[in-house]
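The values are calculated or read from the model by the stated rules, or taken from the named source; none is laboratory data. None of these values were measured; they are calculated from a predicted model. With ideal geometry, Cβ positions are generated from the backbone for all residues, glycine too; neighbour counts draw on all protein chains shown.
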Amino acid sequence: MAQNPQTGATGDDTHEEAISDAHTEYVVMSSIRTYTIIYILLLALATAKVGFEMLPLGTGMFVGVIVVLASIKIVLIAGWFQHLVEEPRSITYMMLTSLFMVLLLVAAAGYSIQGA
């Protein structure tokens, strides 16, 4: 097979390079699209939070709605912007365990303050 005098690549190599470049471009465009969708979702969730503040909800219902919205935002941010989705499952389990421990500490602190 003939070699390219400038790069030394054969005809097959340039075809593989072209496929690799096209794949890289697809991955970059795919990630830009994904990040854009997540950004729009985060913006919509923040707007929904402001909208729920305007509604005449009881305190318990309002806090519940805000916690659900915040949880969805946490999953989106941790999953994609912090690349937790692409990490091995062991990292995900470690993060969930640490989150559970923090929630336990918060609950214990709240209980001790309420009892005082």
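The residue that is nearest to Ala44 (Cα to Cα), among those in segment 71-113 that are over 13 Å from the mean Cα position of the chain (by Cα) and small (Gly, Ala, Ser), is Ser98. Filter segment 49-100 down to the residues that are modelled with pLDDT of 85 or more, over 22 Å from Tyr39 (Cβ atoms) and among the polar types (S, T, N, Q) and list them by number. Within segment 49-100, Thr59, Ser90, Thr97, Ser98 qualify.
Across segment 101-116, the number of residues qualifying as modelled with pLDDT of 90 or more and farther than 15 Å from Val67 by Cβ comes to 5. Is there a residue being modelled with pLDDT under 85, touching a strand residue (DSSP E or B) at 6+ places or on another chain (Cβ under 8 Å) and not aliphatic (A, V, I, L, M) anywhere in segment 9-29? Yes - at least one qualifying residue is present in segment 9-29.
Give me the pairs, please: first residue somewhere in segment 92-108 and without any contact (Cβ under 8 Å) to a residue 60 or more places away in the chain and of a type in the set (S, T, N, Q), second residue anywhere and assigned to a helix (DSSP H, G or I) and exposed (fewer than 10 other Cβ atoms within 10 Å of the Cβ), beta-carbon distance under 9 Å, and either six or more positions apart or on two chains. Once the first residue is without any contact (Cβ under 8 Å) to a residue 60 or more places away in the chain and of a type in the set (S, T, N, Q) and sits in segment 92-108, no partner that is assigned to a helix (DSSP H, G or I) and exposed (fewer than 10 other Cβ atoms within 10 Å of the Cβ) comes close enough.
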